[in-house]
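Have a look at the structure below before the remarks.
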Amino acid sequence: MTDPTQIKKGLAGVVADYTAISKVNPETNSLLYRGYPVQELAATQPFEAVAYLLWNGELPDATQLAELRAAERANRALPDDVKAAIDLVPVDAHPMDEVRTALSLYGARDLAGIGSVLDASGTPAENLDRSIRLFAVLPAIVAYGQRRRRGEDLVEPREDLDYAANFLWMTFGEEADDVVVDAFNRSMILYAEHSFNASTFTARVVTSTLSDLYSAVVAAVGALKGPLHGGANEAVLHVFDEIGSADNVAPWLDEALASKRKIMGFGHRVYKRGDSRVPTMKAALDSLVAHYDRPDVAALYDALESEFVSRKGIYPNLDYPSGPAYQLIGFDTPTFTPLFVAARVTGWTAHIMEQLSANALIRPLSAYSGPDERHIDGYVPDTAAIDIAERP
Ligand code: SDX
């Protein structure tokens, strides 16, 4: 009988493998991407440069950044058949199902012609190219999804805008102010990577069977959709909508905690004294609150945080400031988690390539807790195929 202490439910505290991509350190409340503190990257880099860093291990020089920018801009447009696939998804389906459908078709068309499943996992060069193209096309998938739900037409990408500005252009059909582009760029960098979180580990499990990069990313999308993971940023806004205003926080929390509700945007499996990314995202939110003159958002944010932390000692995670920030920018709430996909696809694909570089099939053990071995009454071994009606 397995010793119950050997069971690590949710793999909590289990170190499953090495990664050189990022270091999440709850003791120092820090997050490093390839050794660089994430707050330094968010304050100084375009998201394109951070994507390069995650994939290649170093920040790009001017030539390397120019080459990545050219490849990203060349692959921004939404392919007609992928747009057609999105149009087949019911407009009231969850946008993450739209993203999953679009990526499934995108991958199927890209892998068409690769006959043997033995070639699915691809070479490092093929997977880097696939990673760049997913990074490039996801903004169009996410932007078109929101516009379709609003009854608006597709907006074609612009090659004169960088990644963040173009993402906002395709979503809203107008050029965003610099302060908005900067806040959005920071959010993409903060969401890009976070070691073996549930969706990234899902991608690694799929990759470990030598399946293809697109199958691993689509599986990761499914994991990220859940409200305990990526879906929390959308759920934070549902909480804000329920509460309404700062003066309703205390009574709302009384009821929520009495019914044992998980308050979305708070808590973390690894960080237990606050999420290292929150101060940087909160500063971005503050810049948007000032830009749009919305002190009511800040008041509700601060009231819920201080009340919940004082009562439960559980701190905000990245989803808490990012939700209201995306709402201020104009994204519809259901679009929030697809935004997370657009950012995290860089981390997922970096992990997929890392998994392949030193692969081992991921297959943990289980402790059996079912009935002891038992047998069918009247069973006669070696019986020729028997008529079901005659089965004992
Ligand atoms: C992300 O892993 C990553 O890195 C993820 C992520 C990334 O970048 O990839 O950081 C992104 O997913 C952030 C998390 C977003 N999810 C949420 O905001 C959903 C709400 N949070 C909780 O569900 C919870 O905090 C988790 C799931 C995030 C973490 O939970 P753990 O570590 O498994 O801890 P737990 O659920 O066992 O909670 C321990 C205790 C419990 O109380 P008891 O049952 O022991 O009395 O704390 C309570 C929980 O009920 N608790 C909460 C709470 N979070 C923990 N109670 C109310 N509201 C919460 N948010």
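Highlighted here are the helices (runs of 4 or more DSSP H) found entirely within segment 185-244 that include at least 2 residues which are within 26 Å of ASN359 (Cβ to Cβ), away from the ligand (no atom under 14 Å from the Cβ) and not basic (Lys, Arg): 198-208, 213-225. Would it be correct to say that VAL270 is β-branched (Val, Ile, Thr), within 12 Å of the ligand (Cβ to nearest atom) and open to solvent by 50 Å² or more (accessible area, probe 1.4 Å)? So VAL270 passes the test. A Cβ distance below 7 Å, combined with a sequence gap of six or more or placement on separate chains, defines the contacts here; from segment 248-273, residues that are within 27 Å of ASP296 (Cα to Cα) and in contact (Cβ under 8 Å) with a residue 60 or more places away in the chain reach residues that are within 12 Å of the ligand (Cβ to nearest atom) and open to solvent by 80 Å² or more (accessible area, probe 1.4 Å) in the pairs ARG273/TYR315. Filtered by the rule that a residue be open to solvent by 10 Å² or more (accessible area, probe 1.4 Å) and within 16 Å of the ligand (Cβ to nearest atom), segment 341-353 gives no residues. Here ALA192, ALA176 are screened, and the one residue that is open to solvent by 10 Å² or more (accessible area, probe 1.4 Å), among the hydrophobic types (A, V, I, L, M, F, W, C) and more than 16 Å from ASP17 (Cβ to Cβ) is ALA176.
The set of residues from segment 251-262 being surrounded by 13 or more Cβ atoms within 10 Å (Cβ to Cβ) and either more than 6 Å from the ligand (Cβ to nearest atom) or over 24 Å from SER195 (Cβ atoms) (or both) comprises TRP252, LEU253, ALA256, LEU257. Within segment 105-124, restricting attention to residues that are under 24 Å from the mean Cα position of the chain (by Cα) and hydrophobic (A, V, I, L, M, F, W, C), the residue that is surrounded by the most Cβ atoms within 10 Å (Cβ to Cβ) is LEU105. The C-beta contact set for segment 24-44 (first residue open to solvent by 60 Å² or more (accessible area, probe 1.4 Å), second residue at pLDDT 95 or above and of a type in the set (S, T, N, Q), distance under 6 angstrom, 6+ apart or interchain) comprises GLN39/THR280.
Residues considered: LEU161, LEU118, LEU210, LEU154. Of these, the only one that is of a type in the set (A, V, I, L, M) and closer than 19 Å to PRO46 by Cα is LEU161.
Taking first residues from segment 362-383 that are touching a residue at least 12 places away in the same chain (Cβ under 8 Å) and open to solvent by 100 Å² or more (accessible area, probe 1.4 Å) and partners that are in a loop (DSSP other than H, G, I, E, B) and not acidic (Asp, Glu), the Cβ contacts under 6 Å between residues at least 6 apart in sequence or on separate chains come to ASP377/PRO392. Only one of the listed residues (ALA70, ALA102, ALA164, ALA140) is modelled with pLDDT of 95 or more and open to solvent by 50 Å² or more (accessible area, probe 1.4 Å). That residue is ALA70. TYR292 meets all of the listed conditions (1) more than 26 Å from GLU40 (Cα to Cα); (2) out of contact with any Ser or Thr (no Cβ under 8 Å at 6 or more places or on another chain); (3) more than 14 Å from the ligand (Cβ to nearest atom) but one, namely (1).
The values are calculated or read from the model by the stated rules, or taken from the named source; none is laboratory data. The shown structure was predicted, so the numbers you read here are calculated from the model rather than taken from an experiment. So basically every Cβ, Gly included, is an ideal-geometry build from the backbone, and we count neighbours across all protein chains shown. Areas reflect the complete protein model, heavy atoms only, side chains present, ligands, DNA and RNA absent. Shrake-Rupley method; radii C 1.70, N 1.55, O 1.52, S 1.80 Å.
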